1. Filter the stretch 42-76 down to residues that are in contact with a helix residue (DSSP H, G or I) (Cβ under 7 Å, 6 or more places away or on another chain) and part of a loop (DSSP other than H, G, I, E, B) and give me whichever is most open to solvent (accessible area, probe 1.4 Å).
2. Limited to the stretch 98-120, what total is found for residues that are part of a helix (DSSP H, G or I) and open to solvent by 100 Å² or more (accessible area, probe 1.4 Å)?
3. Here is a list: ARG76, ARG91. Which entry is at pLDDT 85 or above, basic (Lys, Arg) and within 26 Å of ARG23 (Cβ to Cβ)?
4. Counting only residues that are open to solvent by less than 90 Å² (accessible area, probe 1.4 Å) and either touching a residue at least 60 places away in the same chain (Cβ under 8 Å) or of a type outside the set (A, V, I, L, M, F, W, C) (or both), how many does the stretch 77-97 have?
5. Give ALA79, ALA86 a once-over and let me know the one that is touching a Leu at 6+ places or on another chain (Cβ under 6 Å), assigned to a helix (DSSP H, G or I) and closer than 23 Å to LYS10 by Cβ.
6. Working only within the stretch 6-41, note down all residues that are surrounded by 11 or more Cβ atoms within 10 Å (Cβ to Cβ) and charged (D, E, K, R).
Amino acid sequence: MNSPDSELVKRATATRLAARRERHRRRPAVVRALIDLGGGLLSLVGLVLLWAPEFGLPLLLAGFGLLALEFDWAFRARAWTEWRAALLRRRFVTQPPAVQAALPITMLAIIGIVLWRVLF
């Protein structure tokens, strides 16, 4: 999956995240520390709530997003995640309209079946 188009998306994502990180580094140390503390807190709450992915996963991703402003390991993870999401969005947009309509309907049907089995 390392096509030239994929590499362009990867570089654009890394450049955008690096610019955001550079803006963050110009902030006062107190603000940076509070953002890091918030990112750590969101990540911890997200980990605790991971048993319920609809709550835990968004909190975990938001926490890692804040931590990516300061820490290299979180920056690499965030860049990889956004790169893969951008490729997935591009792939979805290039699908025929029937497939674009069928995918969300199928996902909603699966969620409905799971909820039906859990609740009844």
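1. GLU70
2. Number of matching residues: 8.
3. One residue alone meets the criteria, ARG76.
4. Adding up the residues that qualify gives 10.
5. None of the other options fit; the residue is ALA79.
6. GLU7, LYS10, ARG11, ARG16, ARG20, ARG21, ARG27, ARG32, ASP36 - these are the residues of the stretch 6-41 that are surrounded by 11 or more Cβ atoms within 10 Å (Cβ to Cβ) and charged (D, E, K, R).
The values are calculated or read from the model by the stated rules, or taken from the named source; none is laboratory data. For clarity, every value in this text was computed on a predicted model and none was experimentally measured. Here the Cβ is made from the backbone with ideal geometry for all residues, glycine too, and neighbour counts use every protein chain on show. Side chains included, ligands, DNA and RNA excluded: accessible areas come from the protein's heavy atoms. Shrake-Rupley method; radii C 1.70, N 1.55, O 1.52, S 1.80 Å.
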